[in-house]
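First comes the structure, then the notes that go with it.
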Amino acid sequence: MTAIIALAQRKGGAGKTTLAAHLAVGWALAGRRVTALDIDPQGSLSRWADLRRGASIVPDAAIDMGSLSGWKLGIALARLRGARDLVVLDTPPHAESDARAAIRAADLVVVPVQPSPMDLWATQATLDAARAEKRPVLLVLNRVAPRARLTQDIAAALADTGARLARARLGNRTAYAASIAAGLAVEEYEPGGAAADELRALRMEIETTLGSGAHIR
């Protein structure tokens, strides 16, 4: 089976595109056949894909990337189902119809949330959309500062939403942005670093959330 992971968040700047890139490459490095699709008109994931040509250490057969309009998503996914192990969707923050199409198609909706009140407030719209489509959600705290009381307060508030909150948290580390700037993902850029460890932990948790890896070969 093919697992479809949608990165969704109504608020811009939450780290959705960056996380989509790191997850897609991480799974490819782990031997999965991965497609990353950019349906955000801003095209940031596509620009990063252009930059990484010649920089990546992932075999060409392991990962491919493309961009398309949200209304074409169903056609693309029909072609990819069974042919790839995972499809990672980077969704637009404000295009309601395109984001909802991705949520509807997803086996899991991953929602990055920075530990701030504005991110917390914005997250509710994404949770409402996932519930309307009866899609499971995994909330991920992103850009977390060490020993910040606010992080614990936001985590408690997210737990109160009833959605699943990932145990794995992504720190506020320069390696995430530096690797993207180099056309890489953090597990290529600094495979022994703390950021890579965080990404690996999150990927394992996503697989567990999908059902002990049942959707992933």
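The values are calculated or read from the model by the stated rules, or taken from the named source; none is laboratory data. As the structure is a prediction and not an experimental result, all values here were calculated from the model. In this analysis, Cβ positions are derived from the backbone assuming ideal geometry, glycine residues included, and neighbour counts consider all displayed protein chains.
Applying the criterion of being in contact (Cβ under 8 Å) with a residue 12 or more places away in the chain and acidic (Asp, Glu) to the residues of segment 118-135, the residue that is farthest from Asp64 (Cα to Cα) is Asp119. Among the residues here, Glu198 qualifies as at pLDDT 95 or above and charged (D, E, K, R).
Of everything in segment 83-100 that is more than 16 Å from the chain's Cα centre (by Cα) and at pLDDT 90 or above, the residue that is nearest to Ala168 (Cα to Cα) is Arg84. Within segment 101-117, residues that are in contact (Cβ under 8 Å) with a residue 60 or more places away in the chain have Cβ atoms under 6 Å from residues that are charged (D, E, K, R) in these pairs: Ile103/Glu133; Ile103/Arg135; Ala106/Arg135; Val109/Arg135; Pro112/Lys16; Val113/Asp119; Gln114/Arg143, counting only partners at least 6 apart in sequence or on another chain. Scanning segment 1-30 for residues being outside any loop (DSSP other than H, G, I, E, B) and within 27 Å of Gly193 (Cα to Cα) gives a total of 17. Restricting attention to segment 153-211, the residues being polar (S, T, N, Q) and touching a helix residue (DSSP H, G or I) at 6+ places or on another chain (Cβ under 9 Å) number 3. On the given criteria, is Ala159 touching a strand residue (DSSP E or B) at 6+ places or on another chain (Cβ under 6 Å), surrounded by fewer than 15 Cβ atoms within 10 Å (Cβ to Cβ) and of a type outside the set (S, T, N, Q)? Yes; evaluated as a whole, the condition is true for this residue. Hey, does segment 140-148 have a residue that's aliphatic (A, V, I, L, M), surrounded by fewer than 19 Cβ atoms within 10 Å (Cβ to Cβ) and free of Cβ contacts under 8 Å to residues at least 12 places away in the same chain? No, that holds for no residue.
In segment 72-90, the residues that are under 20 Å from Ala8 (Cα atoms) and touching a residue at least 40 places away in the same chain (Cβ under 8 Å) form Cβ pairs under 8 Å with partners that are surrounded by 20 or more Cβ atoms within 10 Å (Cβ to Cβ) and among the acidic types (Asp, Glu), at six or more places apart or across chains, as follows: Asp90/Asp38; Asp90/Asp40.
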